[in-house]
1. If you wrap a convex hull around the C-alpha atoms of the stretch 28-162 and split its volume per residue, what is the figure in Å³?
2. Throw me the Rg/Rh for the stretch 258-312, computed over C-alpha atoms with Kirkwood Rh, two decimals.
3. Gain in length, residue 29 to residue 161, computed as 0.36 nm per residue apart minus the alpha-carbon separation, to one decimal in nm?
4. Taking neighbour Cβ counts within 10 Å as the exposure measure, how do 43, 167 sort from fewest upward?
5. With +1 assigned to the C-beta of every Lys and Arg and -1 to the C-beta of every Asp and Glu, and no other charges, what is the dipole magnitude of the stretch 127-203 about the Cα centre in debye, to the nearest 20?
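Nothing in this text is a laboratory measurement; each read-out follows from the coordinates by a stated rule. Just so you know, these numbers come straight off a predicted model, no measurement behind them. Neighbour counts run over all protein chains shown; Cβ positions are idealised from the backbone, glycine included.
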Amino acid sequence: MSRYDEEARFDRPKRRTRPRTKDRPSYDDAVEGFVITRDRGRYTCWVEDRRVTAMKARQLGRKGVIVGDRVKLDGDASGEQGTLARIVEVLPRTTLLRRSADDDDPVERPLVANADQLVIVAAVAHPEPRTGLIDRFLVAAYEAGMRPLLCLTKTDLGDPEPLLSIYRPLGVESVATHHGGDLTELREQLHDRTSVLVGHSGVGKSTLVNALVPGADRAIGVVNEVTGRGRHTSTNTVVLQLPDGGWLIDTPGIRSFGLAHVEPETLIHAFPDLEELAADCPRGCTHAIDAIDCALDEAVAEHRADPARVASFRRLLASREGRAADYLAGS
Ligand code: ZN
């Protein structure tokens, strides 16, 4: 038995009952880290300015540790070759990006913790923007508690206005970029934030990543995730440190999200003005376009709500029901 196993055994609770607070070990000396990779039970954590390899302490049980988690590390956190620290605590998550089980993957998966922003990369032309997919990414962002940012690419090849006008009623922030163009505005939006980038292939996401992070091929962390689409399909989540501060998490494998877990109440929570109006809805109202006596209809009729905003919110609600596979086609 290795020394690490012995340590893990040592701090296992003696009784099967949940230990009372006063019995829990104290980790006052533990250092804090940020999980950047996960590979077969080994985690790479970023601690101050170094990488520390760690394993999960036994007392965490089945609790998952995912990319983006803020954790407390015990043991040897020097990061020196051959050392192994232990993750003894996962700090409460501020956001959680996840996807439901869908046709491609029968398991609900937490993807990234504590990211502030979901950057939805979409081309204004070549390929034509797919608003159904953008809607689904927006729902995922709102459900996760993340701020969505629409990053339009190839604005030298088409007019961004038609797409922007679709998302304006929702109040989604946007930046426009094109190949070789100025990225100042985008850099400002990414500064000191942890951003997850999503978008289907061909929109220029990789080009953006390479422009934002010189030497992006030297990724800080690469996570190999085996998806449910067959053991041979793996995707790499890449964690990159932005030169001016902040983190970029590129998720080449995420082209869609199963959204079955998203309740209408969760989604409307991202729109406080609509949520307030919906306080007058019948119990269990779905707020959908065909919902009976939905207070949103009354608010529109009485000019207390912007019809375009209500319609946009309802379009997002409906986008949850699309089969994920429909949006993968042709990507
Ligand atoms: Zn309603």
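1. 157 Å³
2. Numbers: Rg = 10.8 Å, Rh = 11.4 Å.
In the stretch 258-312, Rg relative to Rh is 0.95.
3. Details: separation 132, 0.36 × 132 = 47.52 nm, distance 5.38 nm.
Length difference between fully extended and current span is 42.1 nm.
4. Ascending number of Cβ neighbours within 10 Å: 167, 43.
5. Details: 7 positive and 11 negative charges, 50 e Å.
Value, rounded to 20: 240 debye.
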